[in-house]
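Input: a single structure, listed below in structure tokens.
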């Protein structure tokens, strides 16, 4: 049980809290479904999102790019847990669309029985836990050109499937977001995520991690992006402000850093919440990396590759 408890902590804290407030939520892997670029900025990405990774954070961001893009990223967490994202963005008429898939798998979890007559808990082998979410997104630029120009909007529909040992559960949810290009240097974003049905294993059912995000982007120069965001998980009653910065050298190499507030730094260490990373791009190809230190529980490394055409 101690190993499982540590595993839950390690999966939760790198990019958003696990259910630890007033409520209990299901499908918490949705909280860490972000690209390495977004992760390295502390998750402060809803107003900056301008690539296929927008399907995981703010679907309105798909309207900010006219290119087709496919991206893949993966991470190895503690206790042999693995996570990955696959995303694609393209054009359909005057609208932009995106596809996304996120998976999380945890293997070799110890299975124990009840105490026997000698008070010993017998081992009954191991089992796996798996999560999968498939997302379909649409976005449109200038959705209200007459009354509110420079407003982009997007919606997503996602289907979530989880298995634990021999049990499984299914849920459907929707995301909706807007990005307002206030000036040439500033964008504002508002997003609601995971508004959907409950997930039910046997007789127990829990809601999805409903989240409200509000973000801001300030383009200090052509090479420097400064982003801020606040996110609140309603059932969990958790509130997380975040700041991030991205600087491009010669438009081909980026350094990134971010910090997400709200973690239990007293028990997990002062570095919890910090994230750093970099990106390299050339000729329509790119590589992203994010590093998230997590105190005594170890470090998270996230790698990603993308291609535009």
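Points to keep in mind about this one:
- Against the rule of thumb 2.2 N^0.38 Å, how large the Cα Rg of the stretch 167-309 comes out: 1.25
- Selected from 237, 246, 229 as most flexible by GNM, with the chain as the system and alpha-carbon contacts under 10 Å: 237
- Between 67, 223, 152, the GNM of the chain built on Cα springs shorter than 10 angstrom shows 223 fluctuating the most.
- Contact order, relative form, for the chain: 20 percent (alpha carbon pairs under 8 Å, 6 or more residues apart, mean separation divided by residue count).
- Label zone at residue 134, where the point sits 7 Å out along the Cα-to-Cβ direction: the stretch 33-75 residues whose backbone N lies under 17 Å: 56
- Shape category assigned to the stretch 248-287 from the gyration tensor of Cα positions, a/c cut at 1.5: prolate
- Shape call, the chain: gyration tensor on alpha carbons, a/c limit 1.5: prolate
- Sorted by Cβ density within 10 Å, fewest first, the residues 40, 270, 65: 270, 65, 40
- Ranked 306, 248, criterion: other C-beta atoms within 10 Å, fewest first: 248, 306
- Helix 2-12 and the longest principal axis of the C-alpha atoms of the chain enclose an angle of approximately 10°.
- Largest GNM mean-square fluctuation among 265, 76, 166, using the chain with Cα springs under 10 Å: 166.
- Structure-based [θ]222 nm, the chain - -39500 (n - 2.57) summed over DSSP H runs of at least 4, per residue, nearest 500: -2000 deg cm²/dmol
- Dividing the convex hull volume of the alpha-carbon atoms in the stretch 172-256 by its residue count gives 119 Å³ per residue.
Values quoted throughout were computed directly from the atomic coordinates according to the rules given, and no laboratory measurement underlies them. The structure displayed is predicted, hence computed values, not measured ones. As a convention, Cβ positions derive from the backbone with ideal geometry for all residues, glycine included, and neighbour counts pool all protein chains shown.
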